[in-house]
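Below you'll find the structure, written out as structure tokens, and then a few comments.
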Amino acid sequence: MQQRPIGVFDSGLGGLTVARALIDQLPNESITYIGDTANGPYGPRSQDDVRRLALAALDTLVEQDVKMLVIACNTASAAMFDVAHERYEQGMGIPVVEVIQPAVRAAIRATRTGAIGVIGTVGTIGSHAYQRAFATAGIHHVDAEACPPFVDFVESGVTTGDDVLAAAREHLEPLRSAGIDTLVLGCTHYPLLAGAIGYVMGPDVRLISSAEETASDVYRRLSDTGLLAPPTTQATYAFEATTEAQEPFLRLARRFLGPEVTHVEFTQTGVIELPERI
């Protein structure tokens, strides 16, 4: 079990930010990554669709003998983490880590005034998953804004330029007006736009990405369960996408993970039937 890879899932390319943090913090751990590029972005989809698609991708990772599952997608975490926890952790003994709670913890540590904002996809913001998580931690007001164009920019490989900056100004203005001091990037794609977001929000606003905190969670869970790879292990990395169009994926993977990423495999995830109670 210690030698098996960590399975990382995202609706597309954004989870590469989590993969990068895992590689930095856990250099001996192998990673198998699936980006559901055929069906992403998940933000505009219904929660039932997100659950079905995410479970199909996670099932594919389980079939590849991963020792842990990381849901590196805020929309999927909001829609189906409880289902995934029951299905894989309770049902199969495979630990599952998501990205919302780590970001909430990091934001609470960072804020000076308690004025926190969250940006995310329509699905994530509409689910109120972040608002509930902050309320559980004692913060009952969070300014939240959906930023639909951001994922499309990243998936297209566009992370700078006038169009990105104009979209950032438009969608972030309510948060600037609210006077927040901490902004949660509530989508794993958004750190790839941190330059534009940080420029618009100004130097006094701390940007919070869940990637580093999620990697720390993975480290803790692996340590607690005795699943850390031995320090002599040579890590390997496999990247899979659900479409055969490799070039956009490769371009960003090389940018954020390094030029040693040479190819992406095509995988066809099935669609599973959801239990009636969901």
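The values are calculated or read from the model by the stated rules, or taken from the named source; none is laboratory data. Only a predicted model underlies this, so the values are computations on that prediction, with no experimental measurement involved. Cβ coordinates were reconstructed from backbone atoms using ideal geometry, including for glycine residues, and neighbour counts include every protein chain displayed.
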Q: Among the residues of the stretch 97-118, write down those that are within 13 Å of the chain's Cα centre (by Cα) and β-branched (V, I, T).
A: V97, V99, I100
Q) What number goes with the only condition from (1) in a helix (DSSP H, G or I); (2) under 25 Å from A194 (Cα atoms) that V118 does not pass? A) (1)
Q: Answer yes or no: is there a residue in the stretch 97-113 that is modelled with pLDDT of 95 or more and on the phi > 0 side of the Ramachandran plot.
A: no
**Q.** Of all residues in the stretch 1-42 being modelled with pLDDT under 90 and in contact with a strand residue (DSSP E or B) (Cβ under 7 Å, 6 or more places away or on another chain), the one that is farthest from T121 (Cα to Cα)
**A.** T37
Q | Tally, over the stretch 222-250, of residues that are at pLDDT 95 or above and closer than 29 Å to Q268 by Cα | A | 3
Q. So is T269 assigned to a loop (DSSP other than H, G, I, E, B), closer than 18 Å to G157 by Cβ and under 21 Å from the mean Cα position of the chain (by Cα) or not?
A. no
Q) Only one of (1) among the β-branched types (V, I, T); (2) touching a helix residue (DSSP H, G or I) at 6+ places or on another chain (Cβ under 7 Å); (3) over 24 Å from V70 (Cβ atoms) fails for T159. Which number is that? A) (3)
**Q.** Members of the stretch 196-235 that are under 19 Å from the mean Cα position of the chain (by Cα) and either surrounded by fewer than 14 Cβ atoms within 10 Å (Cβ to Cβ) or at positive phi (or both)
**A.** R220
Q: Scan the stretch 26-45 for residues that are under 20 Å from D65 (Cβ atoms), under 17 Å from the mean Cα position of the chain (by Cα) and surrounded by fewer than 24 Cβ atoms within 10 Å (Cβ to Cβ) and report the count.
A: 2
